[in-house]
Amino acid sequence: MAEFPKARDFFESSRAAVGDHELRRKLESASARHLDHFAEVKAEFPPYDDERDAAHRIKTDAIEHLDELLIELTSKLEARGCKVFFAEDAAQARDYIVELAKARGAKNVVKGKSMTTEEIELNHALERAGIDAVETDLGEYIVQLRGERPSHIITPAIHLSKEDIGQLFSDKFGIEYTAEPEKLTAEARSRLRAIFLNADFGVTGVNFAIAETGTLVIVENEGNGRLSSTMPETFVAVMGIEKVIPRLEDLSHFLEILARTATGQKLTTYTSFITGPRREGELDGPREMHVVILDNGRSAMIADPVLREALNCIRCGACLNVCPIYRRIGGHAYRSVYPGPIGSIISPNLFGSAAGYLPFASTLCGACKDICPVKIDIPRILLHLRWKESAGEHPIRWPRAIERARRGTRRFAKIARHPRTVRALGKFAAMVLKPFAHNGYLRRMPGPFGNWTKYRDFPRPRPHKRPAPGPERPPG
(Lines give C-alpha, C1' and ligand atoms only; values in the text may rest on other atoms or scores of the structure.)
Protein backbone atom coordinates (compact mmCIF):
# COMPACT_ATOMS: atom_id res chain seq x y z
CA MET A 1 0.00 0.00 0.00
CA ALA A 2 1.03 3.60 -0.49
CA GLU A 3 2.92 5.24 2.35
CA PHE A 4 0.57 7.12 4.67
CA PRO A 5 1.09 10.91 4.61
CA LYS A 6 2.80 12.66 7.51
CA ALA A 7 1.15 15.07 9.92
CA ARG A 8 2.72 17.99 8.05
CA ASP A 9 0.90 16.92 4.87
CA PHE A 10 -2.41 16.96 6.72
CA PHE A 11 -1.91 20.47 8.03
CA GLU A 12 -0.84 21.72 4.61
CA SER A 13 -3.83 20.15 2.86
CA SER A 14 -6.16 21.41 5.61
CA ARG A 15 -4.83 24.94 5.27
CA ALA A 16 -5.38 24.84 1.52
CA ALA A 17 -8.90 23.44 1.92
CA VAL A 18 -9.90 26.08 4.47
CA GLY A 19 -8.86 28.74 1.99
CA ASP A 20 -10.99 27.20 -0.77
CA HIS A 21 -14.27 29.06 -0.29
CA GLU A 22 -15.95 27.28 -3.21
CA LEU A 23 -15.18 23.90 -1.64
CA ARG A 24 -16.64 25.08 1.65
CA ARG A 25 -19.80 26.25 -0.11
CA LYS A 26 -20.27 22.82 -1.73
CA LEU A 27 -19.64 20.97 1.52
CA GLU A 28 -21.96 23.19 3.56
CA SER A 29 -24.71 22.94 0.95
CA ALA A 30 -24.57 19.15 0.68
CA SER A 31 -24.21 18.59 4.44
CA ALA A 32 -27.10 20.93 5.19
CA ARG A 33 -29.36 19.02 2.78
CA HIS A 34 -28.40 15.73 4.44
CA LEU A 35 -29.16 17.09 7.90
CA ASP A 36 -32.47 18.66 6.85
CA HIS A 37 -33.67 15.38 5.35
CA PHE A 38 -32.49 13.48 8.41
CA ALA A 39 -34.38 15.83 10.74
CA GLU A 40 -37.58 15.32 8.72
CA VAL A 41 -37.51 11.51 8.68
CA LYS A 42 -36.43 11.32 12.31
CA ALA A 43 -39.30 13.57 13.44
CA GLU A 44 -41.87 11.34 11.72
CA PHE A 45 -40.44 8.13 13.23
CA PRO A 46 -40.92 8.22 17.03
CA PRO A 47 -39.20 4.85 17.68
CA TYR A 48 -35.92 6.19 16.25
CA ASP A 49 -34.09 6.43 19.59
CA ASP A 50 -35.36 3.02 20.68
CA GLU A 51 -33.99 1.56 17.44
CA ARG A 52 -30.63 3.23 18.14
CA ASP A 53 -30.52 1.58 21.56
CA ALA A 54 -31.34 -1.80 20.04
CA ALA A 55 -28.71 -1.42 17.30
CA HIS A 56 -26.10 -0.43 19.86
CA ARG A 57 -26.85 -3.48 21.99
CA ILE A 58 -26.75 -5.85 19.02
CA LYS A 59 -23.44 -4.53 17.66
CA THR A 60 -21.80 -4.47 21.08
CA ASP A 61 -22.86 -8.06 21.70
CA ALA A 62 -21.71 -9.10 18.22
CA ILE A 63 -18.23 -7.67 18.79
CA GLU A 64 -18.08 -9.46 22.15
CA HIS A 65 -18.79 -12.80 20.45
CA LEU A 66 -17.18 -12.07 17.10
CA ASP A 67 -15.11 -15.26 16.93
CA GLU A 68 -18.18 -17.45 17.40
CA LEU A 69 -20.24 -15.49 14.90
CA LEU A 70 -17.54 -15.61 12.23
CA ILE A 71 -17.29 -19.39 12.59
CA GLU A 72 -21.07 -19.70 12.27
CA LEU A 73 -21.16 -17.34 9.27
CA THR A 74 -18.38 -19.23 7.50
CA SER A 75 -20.10 -22.56 8.06
CA LYS A 76 -23.40 -21.29 6.64
CA LEU A 77 -21.76 -19.61 3.63
CA GLU A 78 -19.75 -22.69 2.73
CA ALA A 79 -22.83 -24.88 3.06
CA ARG A 80 -24.46 -22.69 0.43
CA GLY A 81 -21.57 -23.11 -2.01
CA CYS A 82 -19.54 -19.97 -1.21
CA LYS A 83 -15.77 -19.98 -0.87
CA VAL A 84 -14.63 -18.03 2.19
CA PHE A 85 -11.17 -16.50 2.57
CA PHE A 86 -9.93 -14.77 5.73
CA ALA A 87 -7.42 -12.02 4.93
CA GLU A 88 -5.11 -10.95 7.72
CA ASP A 89 -4.23 -7.67 6.03
CA ALA A 90 -4.92 -5.61 2.92
CA ALA A 91 -2.17 -7.28 0.88
CA GLN A 92 -3.64 -10.76 1.42
CA ALA A 93 -7.10 -9.56 0.40
CA ARG A 94 -5.79 -7.80 -2.71
CA ASP A 95 -3.66 -10.75 -3.78
CA TYR A 96 -6.51 -13.23 -3.35
CA ILE A 97 -8.92 -11.20 -5.50
CA VAL A 98 -6.36 -10.35 -8.19
CA GLU A 99 -5.14 -13.95 -8.47
CA LEU A 100 -8.74 -15.16 -8.66
CA ALA A 101 -9.54 -12.67 -11.42
CA LYS A 102 -6.44 -13.74 -13.37
CA ALA A 103 -7.26 -17.43 -12.92
CA ARG A 104 -10.77 -16.84 -14.31
CA GLY A 105 -9.36 -14.88 -17.25
CA ALA A 106 -11.23 -11.75 -16.22
CA LYS A 107 -10.68 -8.67 -18.35
CA ASN A 108 -13.47 -6.43 -17.08
CA VAL A 109 -14.42 -6.02 -13.42
CA VAL A 110 -17.49 -4.13 -12.24
CA LYS A 111 -17.44 -2.85 -8.68
CA GLY A 112 -20.36 -1.91 -6.50
CA LYS A 113 -19.77 0.77 -3.88
CA SER A 114 -17.35 -0.47 -1.22
CA MET A 115 -15.19 1.47 1.21
CA THR A 116 -13.43 -1.78 2.14
CA THR A 117 -12.09 -2.20 -1.41
CA GLU A 118 -10.91 1.41 -1.21
CA GLU A 119 -9.16 0.50 2.04
CA ILE A 120 -7.21 -2.33 0.39
CA GLU A 121 -6.55 -0.30 -2.79
CA LEU A 122 -8.05 -3.00 -4.98
CA ASN A 123 -8.47 -0.86 -8.09
CA HIS A 124 -4.75 -0.10 -8.30
CA ALA A 125 -3.89 -3.77 -7.84
CA LEU A 126 -6.26 -4.84 -10.63
CA GLU A 127 -4.91 -2.13 -12.90
CA ARG A 128 -1.33 -3.32 -12.32
CA ALA A 129 -2.48 -6.81 -13.32
CA GLY A 130 -3.85 -5.48 -16.60
CA ILE A 131 -7.50 -5.84 -15.55
CA ASP A 132 -9.96 -3.01 -16.16
CA ALA A 133 -11.99 -2.23 -13.01
CA VAL A 134 -14.89 0.23 -13.21
CA GLU A 135 -16.70 1.79 -10.26
CA THR A 136 -20.43 1.64 -10.99
CA ASP A 137 -21.84 3.78 -8.17
CA LEU A 138 -22.38 7.18 -9.79
CA GLY A 139 -20.37 9.13 -7.22
CA GLU A 140 -17.56 6.55 -7.23
CA TYR A 141 -17.60 6.53 -11.04
CA ILE A 142 -17.18 10.30 -11.09
CA VAL A 143 -14.21 10.36 -8.70
CA GLN A 144 -12.62 7.45 -10.54
CA LEU A 145 -12.82 9.44 -13.79
CA ARG A 146 -11.07 12.29 -11.96
CA GLY A 147 -8.38 9.99 -10.55
CA GLU A 148 -9.39 10.78 -6.96
CA ARG A 149 -10.45 8.79 -3.94
CA PRO A 150 -13.91 9.40 -2.42
CA SER A 151 -14.33 12.54 -0.33
CA HIS A 152 -17.18 11.12 1.77
CA ILE A 153 -18.21 7.66 2.93
CA ILE A 154 -21.74 7.90 1.46
CA THR A 155 -21.50 10.68 -1.16
CA PRO A 156 -18.06 10.24 -2.75
CA ALA A 157 -18.36 13.32 -4.99
CA ILE A 158 -19.67 15.68 -2.30
CA HIS A 159 -16.85 18.10 -3.12
CA LEU A 160 -18.05 18.59 -6.70
CA SER A 161 -20.86 20.70 -8.16
CA LYS A 162 -23.07 19.73 -11.08
CA GLU A 163 -21.04 22.18 -13.17
CA ASP A 164 -17.82 20.36 -12.24
CA ILE A 165 -19.36 17.03 -13.26
CA GLY A 166 -20.74 18.48 -16.50
CA GLN A 167 -17.27 19.71 -17.46
CA LEU A 168 -15.75 16.34 -16.51
CA PHE A 169 -18.16 14.41 -18.74
CA SER A 170 -17.61 16.85 -21.58
CA ASP A 171 -13.83 16.45 -21.32
CA LYS A 172 -13.83 12.66 -20.86
CA PHE A 173 -16.60 11.64 -23.24
CA GLY A 174 -16.45 14.41 -25.83
CA ILE A 175 -20.12 15.30 -25.36
CA GLU A 176 -21.75 18.71 -25.32
CA TYR A 177 -21.43 20.42 -21.94
CA THR A 178 -24.49 20.33 -19.71
CA ALA A 179 -25.00 20.84 -15.99
CA GLU A 180 -28.47 19.27 -15.89
CA PRO A 181 -28.36 16.39 -13.38
CA GLU A 182 -30.91 14.33 -15.34
CA LYS A 183 -28.84 14.44 -18.54
CA LEU A 184 -25.58 13.71 -16.69
CA THR A 185 -27.17 10.73 -14.93
CA ALA A 186 -28.57 9.42 -18.20
CA GLU A 187 -25.14 9.69 -19.84
CA ALA A 188 -23.49 7.76 -17.00
CA ARG A 189 -26.25 5.14 -17.01
CA SER A 190 -25.94 4.48 -20.74
CA ARG A 191 -22.20 3.92 -20.44
CA LEU A 192 -22.38 1.80 -17.28
CA ARG A 193 -25.12 -0.47 -18.66
CA ALA A 194 -22.82 -1.55 -21.50
CA ILE A 195 -20.02 -2.19 -18.99
CA PHE A 196 -22.30 -4.38 -16.84
CA LEU A 197 -23.26 -6.47 -19.86
CA ASN A 198 -19.63 -7.14 -20.77
CA ALA A 199 -18.23 -7.73 -17.28
CA ASP A 200 -17.07 -11.21 -16.32
CA PHE A 201 -16.12 -10.47 -12.70
CA GLY A 202 -18.00 -8.52 -10.02
CA VAL A 203 -16.94 -7.12 -6.65
CA THR A 204 -19.03 -5.42 -3.96
CA GLY A 205 -18.83 -4.59 -0.29
CA VAL A 206 -21.17 -5.90 2.41
CA ASN A 207 -23.32 -3.84 4.76
CA PHE A 208 -24.35 -6.69 7.06
CA ALA A 209 -23.54 -10.41 7.23
CA ILE A 210 -26.07 -12.53 9.14
CA ALA A 211 -24.40 -15.42 10.94
CA GLU A 212 -27.62 -17.34 11.61
CA THR A 213 -28.51 -17.76 7.93
CA GLY A 214 -25.26 -17.07 6.05
CA THR A 215 -26.88 -14.10 4.30
CA LEU A 216 -24.99 -11.08 2.96
CA VAL A 217 -26.96 -7.83 2.86
CA ILE A 218 -26.14 -4.98 0.47
CA VAL A 219 -27.92 -1.65 0.94
CA GLU A 220 -27.82 0.91 -1.91
CA ASN A 221 -29.82 3.38 -3.98
CA GLU A 222 -28.73 2.87 -7.59
CA GLY A 223 -28.82 -0.86 -8.25
CA ASN A 224 -25.10 -1.01 -9.03
CA GLY A 225 -24.47 -3.44 -6.19
CA ARG A 226 -27.26 -5.72 -7.36
CA LEU A 227 -25.98 -5.69 -10.97
CA SER A 228 -22.35 -6.21 -9.89
CA SER A 229 -23.31 -9.22 -7.75
CA THR A 230 -25.70 -10.97 -10.14
CA MET A 231 -24.61 -10.41 -13.75
CA PRO A 232 -20.93 -11.53 -13.83
CA GLU A 233 -20.09 -15.23 -13.74
CA THR A 234 -17.76 -14.73 -10.75
CA PHE A 235 -18.70 -12.56 -7.78
CA VAL A 236 -16.56 -11.52 -4.79
CA ALA A 237 -17.97 -9.87 -1.66
CA VAL A 238 -15.44 -8.04 0.55
CA MET A 239 -16.27 -7.32 4.19
CA GLY A 240 -14.55 -6.36 7.40
CA ILE A 241 -14.84 -8.82 10.26
CA GLU A 242 -17.06 -6.37 12.15
CA LYS A 243 -19.93 -6.55 9.61
CA VAL A 244 -21.38 -9.74 11.08
CA ILE A 245 -24.56 -9.64 13.18
CA PRO A 246 -26.12 -12.63 14.95
CA ARG A 247 -29.68 -13.12 13.69
CA LEU A 248 -31.92 -12.26 10.76
CA GLU A 249 -34.37 -10.56 13.11
CA ASP A 250 -31.61 -8.14 14.19
CA LEU A 251 -31.39 -6.66 10.70
CA SER A 252 -34.61 -4.65 10.87
CA HIS A 253 -33.22 -2.42 13.63
CA PHE A 254 -30.33 -1.37 11.40
CA LEU A 255 -32.45 -0.89 8.29
CA GLU A 256 -34.73 1.46 10.26
CA ILE A 257 -31.85 3.78 11.17
CA LEU A 258 -29.20 3.41 8.42
CA ALA A 259 -31.00 5.13 5.54
CA ARG A 260 -32.57 7.74 7.79
CA THR A 261 -29.20 8.79 9.18
CA ALA A 262 -27.16 8.39 6.01
CA THR A 263 -29.35 9.96 3.32
CA GLY A 264 -32.56 11.09 5.02
CA GLN A 265 -34.64 8.28 3.46
CA LYS A 266 -37.05 5.96 5.19
CA LEU A 267 -35.41 3.05 3.40
CA THR A 268 -32.85 2.77 0.63
CA THR A 269 -34.07 1.88 -2.87
CA TYR A 270 -32.40 -1.54 -3.00
CA THR A 271 -31.79 -3.96 -0.14
CA SER A 272 -30.32 -7.18 -1.54
CA PHE A 273 -30.10 -10.48 0.34
CA ILE A 274 -27.40 -12.73 -1.12
CA THR A 275 -27.34 -16.36 -0.02
CA GLY A 276 -24.84 -17.94 -2.40
CA PRO A 277 -24.08 -18.61 -6.06
CA ARG A 278 -26.66 -19.62 -8.63
CA ARG A 279 -28.32 -22.93 -7.84
CA GLU A 280 -29.54 -25.55 -10.24
CA GLY A 281 -32.64 -24.36 -12.02
CA GLU A 282 -32.04 -20.67 -11.22
CA LEU A 283 -31.65 -18.18 -14.05
CA ASP A 284 -29.90 -15.31 -12.22
CA GLY A 285 -26.81 -14.90 -10.14
CA PRO A 286 -23.11 -15.76 -10.42
CA ARG A 287 -21.93 -19.30 -11.01
CA GLU A 288 -19.15 -18.79 -8.46
CA MET A 289 -19.15 -16.71 -5.27
CA HIS A 290 -16.30 -15.83 -2.94
CA VAL A 291 -16.41 -13.93 0.37
CA VAL A 292 -13.24 -12.19 1.54
CA ILE A 293 -13.38 -11.40 5.27
CA LEU A 294 -10.80 -8.77 6.19
CA ASP A 295 -9.06 -8.13 9.50
CA ASN A 296 -6.42 -5.49 8.67
CA GLY A 297 -6.02 -4.15 12.22
CA ARG A 298 -9.55 -4.75 13.44
CA SER A 299 -8.55 -7.52 15.87
CA ALA A 300 -6.13 -5.10 17.53
CA MET A 301 -9.03 -2.68 17.99
CA ILE A 302 -11.07 -5.39 19.70
CA ALA A 303 -8.22 -5.91 22.17
CA ASP A 304 -8.53 -2.27 23.30
CA PRO A 305 -11.55 -1.99 25.66
CA VAL A 306 -12.17 1.65 24.67
CA LEU A 307 -11.38 1.50 20.96
CA ARG A 308 -13.42 -1.63 20.21
CA GLU A 309 -16.62 0.44 20.30
CA ALA A 310 -15.56 2.00 16.98
CA LEU A 311 -16.23 -1.35 15.29
CA ASN A 312 -19.95 -0.75 15.90
CA CYS A 313 -19.84 1.70 12.99
CA ILE A 314 -22.27 0.96 10.13
CA ARG A 315 -20.65 3.50 7.74
CA CYS A 316 -23.60 5.88 7.50
CA GLY A 317 -21.38 8.97 7.19
CA ALA A 318 -23.60 11.09 9.44
CA CYS A 319 -20.73 12.09 11.73
CA LEU A 320 -19.03 13.71 8.72
CA ASN A 321 -22.11 15.80 7.97
CA VAL A 322 -22.19 17.40 11.43
CA CYS A 323 -18.44 17.68 12.03
CA PRO A 324 -17.25 21.34 11.98
CA ILE A 325 -13.80 20.17 10.87
CA TYR A 326 -14.95 17.96 8.00
CA ARG A 327 -17.42 20.57 6.75
CA ARG A 328 -14.56 23.05 6.31
CA ILE A 329 -11.82 20.90 4.83
CA GLY A 330 -13.59 17.96 3.13
CA GLY A 331 -12.51 14.35 2.97
CA HIS A 332 -9.40 14.67 0.82
CA ALA A 333 -7.60 16.82 3.40
CA TYR A 334 -7.55 13.87 5.82
CA ARG A 335 -5.38 11.90 3.36
CA SER A 336 -7.20 8.74 4.45
CA VAL A 337 -9.80 6.46 2.89
CA TYR A 338 -11.96 7.07 5.96
CA PRO A 339 -12.26 10.81 6.72
CA GLY A 340 -14.17 12.71 9.38
CA PRO A 341 -14.67 11.73 13.03
CA ILE A 342 -15.05 7.99 12.43
CA GLY A 343 -12.04 8.00 10.13
CA SER A 344 -9.99 9.76 12.78
CA ILE A 345 -10.45 6.84 15.17
CA ILE A 346 -10.22 3.87 12.80
CA SER A 347 -7.50 5.08 10.40
CA PRO A 348 -4.63 4.95 12.95
CA ASN A 349 -5.46 1.28 13.57
CA LEU A 350 -6.01 0.30 9.94
CA PHE A 351 -3.07 2.22 8.49
CA GLY A 352 -0.63 2.35 11.39
CA SER A 353 0.89 5.00 13.64
CA ALA A 354 1.59 7.26 10.65
CA ALA A 355 -2.09 8.26 10.86
CA GLY A 356 -1.78 9.05 14.57
CA TYR A 357 -2.32 12.75 13.98
CA LEU A 358 -5.95 12.27 12.88
CA PRO A 359 -7.47 12.01 16.40
CA PHE A 360 -6.31 15.60 16.92
CA ALA A 361 -8.42 16.82 13.96
CA SER A 362 -11.46 17.39 16.18
CA THR A 363 -13.04 20.09 18.33
CA LEU A 364 -14.52 17.39 20.64
CA CYS A 365 -17.87 19.22 20.34
CA GLY A 366 -19.78 15.92 20.61
CA ALA A 367 -22.04 16.43 17.56
CA CYS A 368 -20.77 13.14 16.10
CA LYS A 369 -21.78 11.24 19.22
CA ASP A 370 -25.25 12.82 19.22
CA ILE A 371 -26.01 11.83 15.62
CA CYS A 372 -24.38 8.39 15.50
CA PRO A 373 -27.15 5.83 14.86
CA VAL A 374 -25.35 3.16 16.91
CA LYS A 375 -24.37 5.61 19.67
CA ILE A 376 -20.58 5.37 19.39
CA ASP A 377 -18.93 7.71 21.91
CA ILE A 378 -16.51 9.15 19.34
CA PRO A 379 -15.18 12.02 21.53
CA ARG A 380 -14.24 9.57 24.28
CA ILE A 381 -12.35 7.39 21.81
CA LEU A 382 -10.60 10.42 20.30
CA LEU A 383 -9.35 11.45 23.74
CA HIS A 384 -8.24 7.88 24.38
CA LEU A 385 -6.21 7.84 21.15
CA ARG A 386 -4.71 11.26 21.91
CA TRP A 387 -3.53 9.97 25.25
CA LYS A 388 -2.05 6.84 23.63
CA GLU A 389 -0.16 8.96 21.10
CA SER A 390 1.20 11.28 23.78
CA ALA A 391 2.37 8.32 25.88
CA GLY A 392 3.72 6.31 22.95
CA GLU A 393 7.33 5.48 22.15
CA HIS A 394 7.18 7.21 18.77
CA PRO A 395 5.32 10.51 19.21
CA ILE A 396 4.19 12.45 16.17
CA ARG A 397 6.60 14.97 14.68
CA TRP A 398 4.27 17.96 14.55
CA PRO A 399 4.90 21.09 12.48
CA ARG A 400 6.80 23.67 14.54
CA ALA A 401 3.83 26.01 15.07
CA ILE A 402 1.63 23.16 16.28
CA GLU A 403 4.31 21.86 18.62
CA ARG A 404 4.68 25.34 20.15
CA ALA A 405 0.93 25.48 20.70
CA ARG A 406 0.95 22.03 22.31
CA ARG A 407 3.74 23.04 24.67
CA GLY A 408 1.83 26.20 25.52
CA THR A 409 -1.31 24.21 26.27
CA ARG A 410 0.61 21.89 28.60
CA ARG A 411 2.07 24.89 30.45
CA PHE A 412 -1.38 26.46 30.77
CA ALA A 413 -2.74 23.17 32.15
CA LYS A 414 -0.15 23.29 34.92
CA ILE A 415 -0.94 26.93 35.76
CA ALA A 416 -4.70 26.32 35.70
CA ARG A 417 -4.34 24.00 38.70
CA HIS A 418 -3.54 27.07 40.85
CA PRO A 419 -6.53 29.49 41.06
CA ARG A 420 -4.58 32.29 42.78
CA THR A 421 -1.99 32.29 40.02
CA VAL A 422 -4.73 32.40 37.37
CA ARG A 423 -6.40 35.38 39.09
CA ALA A 424 -3.09 37.22 39.38
CA LEU A 425 -2.28 36.63 35.70
CA GLY A 426 -5.78 37.75 34.75
CA LYS A 427 -5.34 41.05 36.59
CA PHE A 428 -1.94 41.58 34.99
CA ALA A 429 -3.25 40.82 31.47
CA ALA A 430 -6.28 43.07 31.95
CA MET A 431 -4.06 45.98 32.98
CA VAL A 432 -1.44 45.52 30.23
CA LEU A 433 -3.83 44.85 27.33
CA LYS A 434 -6.51 47.43 28.15
CA PRO A 435 -4.92 50.22 25.98
CA PHE A 436 -4.85 47.87 22.95
CA ALA A 437 -8.50 46.82 23.11
CA HIS A 438 -11.14 48.13 20.71
CA ASN A 439 -14.77 47.82 21.79
CA GLY A 440 -13.73 45.19 24.30
CA TYR A 441 -11.78 43.04 21.81
CA LEU A 442 -8.14 42.63 20.83
CA ARG A 443 -7.35 42.68 17.12
CA ARG A 444 -3.75 41.48 17.58
CA MET A 445 -1.96 39.52 20.27
CA PRO A 446 1.72 38.77 20.73
CA GLY A 447 3.60 35.47 20.45
CA PRO A 448 1.71 32.20 19.99
CA PHE A 449 -1.61 33.99 20.69
CA GLY A 450 -1.15 35.71 17.34
CA ASN A 451 -2.34 32.55 15.57
CA TRP A 452 -5.77 33.16 17.06
CA THR A 453 -6.02 36.84 16.10
CA LYS A 454 -4.96 36.14 12.52
CA TYR A 455 -8.53 35.06 11.86
CA ARG A 456 -10.69 36.39 14.73
CA ASP A 457 -10.76 38.93 17.54
CA PHE A 458 -10.12 37.97 21.16
CA PRO A 459 -12.17 39.28 24.13
CA ARG A 460 -10.08 41.60 26.32
CA PRO A 461 -9.22 39.97 29.67
CA ARG A 462 -10.95 41.56 32.64
CA PRO A 463 -9.97 41.40 36.32
CA HIS A 464 -11.46 38.44 38.15
CA LYS A 465 -14.04 39.53 40.70
CA ARG A 466 -14.75 37.38 43.68
CA PRO A 467 -18.45 36.58 44.06
CA ALA A 468 -20.25 38.46 46.77
CA PRO A 469 -20.56 36.41 49.97
CA GLY A 470 -23.93 34.73 50.33
CA PRO A 471 -26.16 34.85 53.38
CA GLU A 472 -24.95 32.96 56.39
CA ARG A 473 -26.40 29.51 56.78
CA PRO A 474 -28.39 28.93 59.97
CA PRO A 475 -26.75 26.63 62.44
CA GLY A 476 -27.71 22.95 62.33
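The values are calculated or read from the model by the stated rules, or taken from the named source; none is laboratory data. Please read all numbers here as calculations on a predicted model, not as lab measurements. Note that each Cβ is placed from the backbone with ideal geometry, even for glycine, and that neighbours are counted across all protein chains shown. These accessible areas exclude ligands, DNA and RNA; they are computed on the full protein's heavy atoms, side chains included. Shrake-Rupley method; radii C 1.70, N 1.55, O 1.52, S 1.80 Å.
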| Checking Ala133 against (1) assigned to a helix (DSSP H, G or I); (2) under 25 Å from the mean Cα position of the chain (by Cα); (3) of a type in the set (A, V, I, L, M), the condition it does not meet | (1)
| task | Could you please give the count of residues in segment 183-225 that are of a type in the set (A, V, I, L, M) and closer than 30 Å to Ile245 by Cα? | result | 9
| said: The conditions are (1) out of contact with any His (no Cβ under 9 Å at 6 or more places or on another chain); (2) at pLDDT 80 or above, and Gly450 fails exactly one of them. Which is it? | reply: (2)
| Across segment 162-201, which residue is nearest to Val109 (Cα to Cα) among those that are in contact with an Asp or Glu (Cβ under 8 Å, 6 or more places away or on another chain) and either open to solvent by 70 Å² or more (accessible area, probe 1.4 Å) or not in a helix (DSSP H, G or I) (or both)? | Phe201
| Matching residues in segment 308-332 - criterion: being at positive phi and open to solvent by less than 10 Å² (accessible area, probe 1.4 Å) | Gly317, Gly330
| Residues that are of a type in the set (S, T, N, Q) and either under 16 Å from the mean Cα position of the chain (by Cα) or over 24 Å from Gly223 (Cβ atoms) (or both), drawn from segment 140-179 | Ser151, Thr155, Ser161, Gln167, Ser170
| request: Determine the pairs where a residue that is touching a residue at least 12 places away in the same chain (Cβ under 8 Å) and over 16 Å from Arg189 (Cβ atoms), located within segment 120-148, has a partner that is in a helix (DSSP H, G or I) and of a type in the set (Val, Ile, Thr) with Cβ atoms under 7 Å apart, the partner being 6 or more residues away or on another chain. | output: Leu122/Ile97; Ala125/Val98; Leu126/Val98; Ala129/Val98
| query | Counting only residues that are exposed (fewer than 10 other Cβ atoms within 10 Å of the Cβ) and not in a helix (DSSP H, G or I), which one in segment 385-432 is modelled with the highest pLDDT? | reply | Arg417
| remark: Selection from segment 97-107 of residues surrounded by 17 or more Cβ atoms within 10 Å (Cβ to Cβ) and over 25 Å from the mean Cα position of the chain (by Cα) yields Val98, Leu100, Ala101, Ala106
| Which members of segment 227-245 meet the condition of being surrounded by fewer than 19 Cβ atoms within 10 Å (Cβ to Cβ) and not polar (S, T, N, Q)? | Met231, Glu233
| request: Report whether or not Arg33 is at pLDDT below 95, open to solvent by 30 Å² or more (accessible area, probe 1.4 Å), in a helix (DSSP H, G or I) and closer than 30 Å to Glu389 by Cβ. | output: no
